[in-house]
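Each reported figure results from applying straightforward, stated rules to the coordinates on display, with no laboratory input. The shown structure was predicted, so the numbers you read here are calculated from the model rather than taken from an experiment. Here the Cβ is made from the backbone with ideal geometry for all residues, glycine too, and neighbour counts use every protein chain on show.
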Amino acid sequence: MTDVFGTHPKTKIIGALLTEAEDPVTHFSANEIGRIAGVDADSVEDHVADLVAYGLVVETDELEDRATYKLDEDGQIVDDIRRLSEHLLERESE
């Protein structure tokens, strides 16, 4: 996705969650998202509220001592982005 939409931290965060969250119930801390996305945890914290507001990510309470996040699999927008991501991967392999 970053090849098409750039390397903004929000793009990296969504791309990371799309590739890592094969099981929709997978919850990630800001540190885990940052490690996967290649951005620091502070950057994740800075942008995750926007991603929640956009309906892309939901905050969960999977860990007692810190917030965790996952893709909002109940929202249509995540399905649309997942399909777009798959389409881009197909085009890339042509």
So what J values fall out for the stretch 66-78 if you push phi through Karplus, 6.51 cos²θ - 1.76 cosθ + 1.60 with θ = phi - 60°, rounded to Hz, Gly and Pro as x?
7, 6, 10, 9, 8, 5, 7, 5, 7, x, 5, 4, 5
Towards the positive end of the charge dipole of the chain, with charges on Cβ (+1 Lys, Arg; -1 Asp, Glu), say which of I13, I33, T2 has the farthest Cα.
T2
List the GluC sites (Glu not before Pro) within the stretch 1-59 that fall in a DSSP loop (any state other than H, G, I, E or B) and whose Cβ has at most 13 other Cβ atoms within 10 Å.
E22
To the nearest 0.05, how large is the calculated FRET efficiency for T11 and D61 if R₀ is 25 Å and r is the Cβ-Cβ distance?
0.45
Given H placed 1.01 Å from N in the peptide plane, which residues other than close sequence neighbours of S29 have an amide H under 5 Å from its amide H?
Y69
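Jot down the per residue volume, in cubic angstrom and as a whole number, of the convex hull over the alpha-carbon atoms of the chain.
90
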Determine, for D65, D74, D46, the number of other Cβ atoms within 10 Å of each Cβ, and report the residues in order from fewest to most.
D65, D74, D46
Integer Hz, Karplus 6.51/-1.76/1.60 couplings in order for the stretch 37-50, x for Gly and Pro
7, x, 10, 7, 4, 4, 5, 4, 4, 5, 9, 5, 4, 5
Within-12-Å neighbourhood charge of H47 [Cβ basis; K, R +1; D, E -1]
-3
